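Just below is one structure, and these are the notes that go with it.
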Amino acid sequence: QGYFSDNEKSKILDALNKIRPFMDLHSTFMHGDFSIENMIFNQGSGLVLIDPIYIKNLYSSIYLDIAKLSHSARKHGNVKLVNFCYSIMKNYTDERDKHLLDFVLTVLEVTQWIRILKYHRDDPNFDEYLRITKTLIEEC
């Protein structure tokens, strides 16, 4: 659409290129739509994940799932869960890669925000979603 300046577009494309080697090294199985909306908590069985997206030969990584959860948490105003997502990544990652994590998660979360904008044009929160997206792009 026309939501982003050329500078913002360049910034996110550059950021995606910077994280590509990291992501290529960390390809894993993932849920594919790891969001708050796809979690059910049952006292008997605990957390149940629903509605996975699995497409054979589609690039996948646990980091994409964590970014999706961070996006979902931020969308619902759950800052504690956003911070927890960052800590999950730090616990999951080898020591040699930890310096990249904040950047990687921010870039991946930006892709989630960009992806949803077209579906939320009429949403009363659209301007807030766009503001969050632009703020995260600036952090890249």
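Summary table
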{"item": "All positions within region 22-38 that are under 18 Å from T106 (Cβ atoms) and either free of Cβ contacts under 8 Å to residues at least 40 places away in the same chain or assigned to a loop (DSSP other than H, G, I, E, B) (or both)", "result": "H26, F34, S35"}
{"item": "Residues located in region 11-66, provided they are among the aromatic types (F, W, Y) and open to solvent by 30 Å² or more (accessible area, probe 1.4 Å)", "result": "F29, F34, F41, Y54, Y59"}
{"item": "Out of A73, A67, sole residue that is more than 20 Å from S10 (Cα to Cα), in contact (Cβ under 8 Å) with a residue 40 or more places away in the chain and of a type in the set (G, A, S)", "result": "A67"}
{"item": "Matching option when the condition is more than 24 Å from F126 (Cβ to Cβ) and touching a His at 6+ places or on another chain (Cβ under 7 Å), among D24, D65", "result": "D65"}
{"item": "Verdict on V79 being farther than 22 Å from L16 by Cβ and of a type outside the set (F, W, Y)", "result": "yes"}
{"item": "Some residue of region 81-91 being under 17 Å from E139 (Cα atoms), of a type in the set (D, E, K, R), free of Cβ contacts under 8 Å to residues at least 60 places away in the same chain and open to solvent by 60 Å² or more (accessible area, probe 1.4 Å)", "result": "no"}
{"item": "Residue in region 106-127 that is most open to solvent (accessible area, probe 1.4 Å), counting only those that are of a type in the set (S, T, Y) and within 14 Å of the chain's Cα centre (by Cα)", "result": "T111"}
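A quick yes/no check of all residues on (1) more than 25 Å from E138 (Cα to Cα); (2) in a helix (DSSP H, G or I); (3) at pLDDT 85 or above; (4) not small (G, A, S):
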{"residue": "Q1", "(1), (2), (3), (4)": "no, no, no, yes"}
{"residue": "S10", "(1), (2), (3), (4)": "no, yes, yes, no"}
{"residue": "I19", "(1), (2), (3), (4)": "no, yes, yes, yes"}
{"residue": "Y54", "(1), (2), (3), (4)": "yes, no, no, yes"}
{"residue": "H99", "(1), (2), (3), (4)": "no, yes, no, yes"}
{"residue": "T106", "(1), (2), (3), (4)": "no, yes, yes, yes"}
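The values are calculated or read from the model by the stated rules, or taken from the named source; none is laboratory data. Predicted model, so just to flag it, every value in this text is computed and none were measured. FYI the Cβ positions are ideal-geometry reconstructions off the backbone, even for glycines, and counts take in every protein chain you see. Accessible surface is based on the protein model in full, side chains and every heavy atom, while ligands, DNA and RNA are left aside. Shrake-Rupley method; radii C 1.70, N 1.55, O 1.52, S 1.80 Å.
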